[in-house]
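Have a look at the structure below, then the notes.
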Amino acid sequence: MSASEDRLRNLLVRGLEGESVAYLRFLRELSAFLRAFLKRRLAGLPDEVEDLVQETLIAVHVQRHTYDSGQPVTAWLHAIARYKLIDFFRLRSRQEIHNTPLDDEPELMAESDQDAAEARRDVTKLLAGLPDRQRLPIVHVKLEGRSVAETARLTGMSESAVKVGIHRGIKALAARMRDDG
């Protein structure tokens, strides 16, 4: 077994036995371990590494009771990190499909200039009823085709808040349209 395997295993086992200082040290060392593991796999997406490290740390904490002390801790940790990585890529794939700007889909646009102008007025009117924390992410990401990261920088919101704003805004718009229809 490697030195990091022994050290991580020892700290986790001691932490599971109630030694809080050992558990905190385990989480700190695990953060560095995960950061290195994920940086290699997300080389082109450095902004996503830290979010994924945090999500994996939470998953490890929640699933700590499933660790079998007779097994290598790094194998258990790699499995959890891989699942989080797979979830990340699945979500990213779905978001790319849903974040296609409307301008890139000509069949979605109105048939005539007059219809297009009316549609723009309707969308503007619908969006005007939303709070900024929902309206701005929808405008920037869904209508202008900007990335979530770019929208977060423009609005001063976190990336998570941008995603939540889009979700809640679209939900509010759908509810409003159902009520009006």
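Phi-derived couplings, Karplus 6.51 cos²θ - 1.76 cosθ + 1.60 at θ = phi - 60°, listed residue by residue for the stretch 38-43: 7, 4, 5, 8, 10, 3 Hz, with x used for Gly and Pro.
Quick check on the exposure proxy: order Arg121, Arg168 from fewest to most C-beta atoms within 10 angstrom.
On the way: Arg121 10, Arg168 16.
Final ranking by Cβ density, sparse to dense: Arg121, Arg168.
Inter-part distance, the stretch 157-181 to the stretch 61-77, computed on C-alpha centroids, equals 39 Å.
Straight-line cross-link reach from Lys171 at under 24 Å between alpha-carbon atoms covers these lysines, not counting any fewer than eight positions away in the same chain: Lys125, Lys142, Lys163. Counting beta carbons within 10 Å around each of Met157, Met177 and listing the fewest first gives the order Met177, Met157. Exposure proxy for Thr155, Thr124: other Cβ atoms within 10 Å of each Cβ, ordered fewest to most, give Thr124, Thr155. Modelled label positions at Glu17 and Leu91, each set 7 Å beyond Cα in the direction of Cβ, lie 3.6 nm from each other.
Read-outs throughout are calculated quantities, based only on the coordinates presented, and are distinct from any laboratory measurement. Just so it is clear, the structure is predicted and the values come from calculations on it, not from any experiment. Glycine gets a Cβ as well: all are built from the backbone with ideal geometry, and neighbour counts include every protein chain shown.
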